[in-house]
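Just below is one structure, and these are the notes that go with it.
Just so it is clear, none of the values below were taken in a lab; they were calculated from the coordinates. What you are looking at is a predicted structure, and each value in this text was computed from that prediction instead of being measured. Please note: Cβ atoms are built from the backbone with ideal geometry, for glycine as well, and neighbour counts cover all protein chains shown.
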Amino acid sequence: SEKLASIGHLAAGVAHEINNPVGFISSNMEMLEQYIADYAKVLKMADHLKESVEQENLAKTKSIIEEMARLNKEINLDYIISDTPKLLEHNRKGIERIRKIVNDLRAFSREDKNVMERVKIEEVIEGILTIVTSEIKYKARLEKDYGDTPPIECSPQRLGQVFINLIINALHAIEGTGTIAIKTYTQDEFVCVDVRDTGKGIPPEILNKIFDPFFTTKPTGQGTGLGLSVSYEIIKKHNGSMTVRSKVGEGTTFTVMLPINQEKEETS
């Protein structure tokens with residue numbers, strides 16, 4: 001249910017993120033349709049010129065050449081020739097962007113079979129950032145400091161849920177605009193991730209309660225109070241740890257530590 005809540009929260013942002021490339025693809029397609037029509041005019045005129053040359057009709061040939069010159073000036077054929085591949089490339093990139101957003105969202109929302117894989121934690125984070133981009137860009141500057149970390153044995157889908165929760169919490173903590181910083185590094189036999197925000201911070205008297213089920217400081221309707229507790233349990237099942245440090249008025253940092261290697265019987 002907490003995962004469904006996360007998906008629901010992201011739906012509007014994902015739709016907005018998809019609409020951006022859809023918008024310029026649609027605009028480019030209209031322009032390409034016009035270019036194709038102009039190409040057709042040129043080809044038709046070229047056919048007429050070929051016929052007149054074969055017929056050795058000099059007067060007609062001269063007339064067609066003059067007409068082609070007028071058409072070239074009217075449609076600016078040189079520009080069309082140079083712009084067409086650019087429009088096609090922009091469309092290709094837009095389609096790839098949409099495909100990546102959809103694939104990342106599908107990976108996050110698919111049925112959880114708790115499959116353990118050896119992946120780099122940065123790949124998990126990047127997949128999540130794809131589907132929260134629109135959430136972040138209007139409220140926070142995103143800073144990434146990725147270390148040279150080894151792949152870890154984990155459930156990418158479950159860890160994705162953890163980082164979704166941490167990023168959404170960071171956004172909610174920021175009043176106005178601020179910064180969210182994500183750092184990855186290796187410490188002993190663990191890969192570590194710091195998620196830091198420049199939000200309002202967590203009062204010391206409740207700092208030790210934030211991982212308790214149903215505990216929330218958010219207004220009614222903005223959170224179930226399960227996000228952090230679920231995330232905490234996911235990390236525990238990976239034989240890892242999640243800690244938090246915070247200062248009111250300055251911000252909060254969550255640190256996730258995950259073992260590079262897992263026992264096969266764990267994370268059931």
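Subtracting the Cα-Cα distance of Thr179 and Ala15 from their residue separation scaled by 0.36 nm leaves 56.7 nm.
Between Leu207 and Gln55, the simple spin-label model (points 7 angstrom out along Cα→Cβ) gives 9.2 nm. First measure r as the distance between the Cβ atoms of Val102 and Asp188, then evaluate 1/(1 + (r/R0)^6) with R0 = 45 Å and state the FRET efficiency to the nearest 0.05. The computed FRET efficiency comes out at 0.75.
Taking segment 111-187, which trypsin sites (Lys or Arg not before Pro) meet the DSSP loop condition and have no more than 11 other C-beta atoms within 10 Å? Counting only loop positions with at most 11 other Cβ atoms within 10 Å, the trypsin sites (Lys or Arg not before Pro) in segment 111-187 are Lys113. Placing +1 on the Cβ of every Lys and Arg and -1 on the Cβ of every Asp and Glu, with no other charges, gives segment 113-259 a dipole of roughly 360 debye about its Cα centre. Available extension along the chain between Glu66 and Glu126 is 15.9 nm, counting 0.36 nm per residue and deducting the alpha carbon span. Per-residue Karplus couplings for segment 155-166, computed as 6.51 cos²θ - 1.76 cosθ + 1.60 with θ equal to phi - 60°, are listed in order as 9, x, 5, 5, 5, x, 4, 4, 6, 4, 4, 5 Hz, Gly and Pro entered as x. Taking 0.36 nm per residue of separation and subtracting the current Cα-Cα distance, fully stretching the chain between Thr133 and Lys236 would add 34.3 nm. Under 5 Å from the amide H of Gln262 lie the amide H atoms of Glu153, each residue being 5 or more positions distant or on a separate chain, with H modelled from the backbone and absent for Pro and chain starts. Modelled this way, with points 7 Å down the Cα-to-C-beta line, the labels at Asp145 and Lys93 are 3.0 nm from one another.
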